[in-house]
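Reading through the structure tokens given below for one structure.
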Amino acid sequence: MKRLLAALALILAAAGSAHAEDGLVARTQSGAVRGVEAGGTVVFKGIPFAAPPVGPLRWEPPAPPPSWSGVRDGAQYGPICTQPARPDGALAAGGDRPQSEDCLYLNVWAPKAAKAAPVMVWIHGGAHRVGSGEGRVYEGDAFARDGVVLVTINYRLGALGYFAHPALTKAAGPKDWLGNYGLMDQMAALAWVRKNIAAFGGDPKNVTVFGESAGGSSILALLATPAAKGLFDKAIVESGGGWQKPGGLAVEEAKGVERLTRAGAPGPDATLDQIRAVPADRLVDMSGGAGGVGPFPDGRLMTESPAEAFAAGRAIDVPLIIGSNSYEASLMRTFPLPIAAILARLTPEQKAAYGDLGWTRPWPTRFTPTW
């Protein structure tokens, strides 16, 4: 009997070794995940990097991801974060993908048998209200074919991602992080990369974070956040904006009260249980009005705006590529954006620095808003 058990153990060990050595299984700190090979690259989809931010974890900093036994299937993307639909009924970025508050998942594309490959982490755009990191929007195969391990992430959006309320402030400790939950998710994903990316063939000491639009402004916020120091080695910002001076915690609390009132919750005296009981589908459109959403100085996690941090030389010092597209002002008419309000936020110095970039020139009419 002992010989039989020993033989079975050897067989299972050999099978497990072969299973891991085929290059499709990566062992993270939470458990093993099996990817899918295509054309010499391997993609691992739907890996949780934090606990589902639901119930009592709504509007809380991301908690550690759950562990699992066995080998997790990495063939399917996780749900995208709760977000509004386009006028045609499709989700703004993700087609007909399921959406959920339980959305803190990431995806990894890697060259097969990669070792110490450079790592790039993509933060998607979408006005901090829409978008996702899944491959039908952002495919990573080309990066992997070029020898790069690419990671794409989801992060909480809209009023679920950037939100302040007196009930949340009252319940928090004096040093607890508040408000910037989407930014905290990005930091949690970057911390996950540092700890786990070597299992996918990536170099945890060579991590570049890059993003466009809301992703770019998120990176500027990360560069202005002392707690993000050490989470990445290089940064690329494309069309990030984010140089205006945002309001602080008190301003965001007032926005939160107004938004929750519109969603049917009690006013400023609402309790923590009451605001967390508001259904997620009623929070989707809370981002409109009252100044939009996005990273803001909460005085704890993010203590100053990117403009203030860079002007004072306090931004995180890493190699940075930053740029924008010519005549991006055309997007203000391409999409239904509040042009007058946006221009009013620019200082005279900002307008003078950029000169006449088309504030008054004819606007294109050949484009149709898509969301």
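The values are calculated or read from the model by the stated rules, or taken from the named source; none is laboratory data. Please read all numbers here as calculations on a predicted model, not as lab measurements. Cβ sites come from the backbone with ideal geometry, for glycine too, and all protein chains shown count toward neighbours. The accessibility values were calculated without ligands, DNA or RNA, using every heavy atom of the protein model including side chains. Shrake-Rupley method; radii C 1.70, N 1.55, O 1.52, S 1.80 Å.
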- Note on the structure: Full extension between Asp176 and Arg27 adds, at 0.36 nm per residue less the Cα distance, a length in nm of 50.5 nm
- Query: If the chain between Asp273 and Val54 were fully stretched, how many nm would it gain, using 0.36 nm times the residue separation less the Cα-Cα distance?
  - Reply: 77.6 nm
- Query: What ranking of Arg34, Arg345, Arg58, Arg276 comes out by heavy-atom accessible area, probe 1.4 Å, highest first?
  - Reply: Arg345, Arg34, Arg276, Arg58
- The local net charge around Lys245, scoring Lys/Arg +1 and Asp/Glu -1 for residues other than Lys245 whose Cβ lies under 15 Å from its Cβ, equals -4
- Query: For labels at Gln244 and Thr261 in the simple 7 Å Cα→Cβ model, what's the distance in nm?
  - Reply: 2.3
- Query: Rounded, prolate or oblate: which fits the stretch 251-326 when a ≥ b ≥ c are the square roots of the eigenvalues of the alpha-carbon gyration tensor, with rounded for a/c under 1.5 and prolate only if a/b beats b/c?
  - Reply: prolate
- Item | Spin-label proximity, Ile322 to the stretch 234-255 - amide N less than 12 Å from point 7 Å beyond Cα toward beta carbon | 235-244
- Taking the highest mean first, how do the peptides 221-228, 125-132, 182-189, 234-241 order by number of other beta carbon atoms within 10 angstrom per residue? 182-189, 125-132, 221-228, 234-241
- Message: Rounded, prolate or oblate, given the Cα gyration tensor of the stretch 169-267, with a/c below 1.5 counting as rounded?
- Response: prolate
- Percent of accessible area on the stretch 80-219 owned by carbon and sulfur, 1.4 Å probe? 53
- Contour minus Cα-Cα span, Ala341 to Ala38, at 0.36 nm per residue, comes to 104.3 nm
- Query: Is the stretch 93-209 best put as rounded, prolate or oblate by its Cα gyration tensor, with a ≥ b ≥ c the root eigenvalues, rounded for a/c under 1.5, and otherwise prolate when a/b is larger than b/c, oblate when not?
  - Reply: oblate
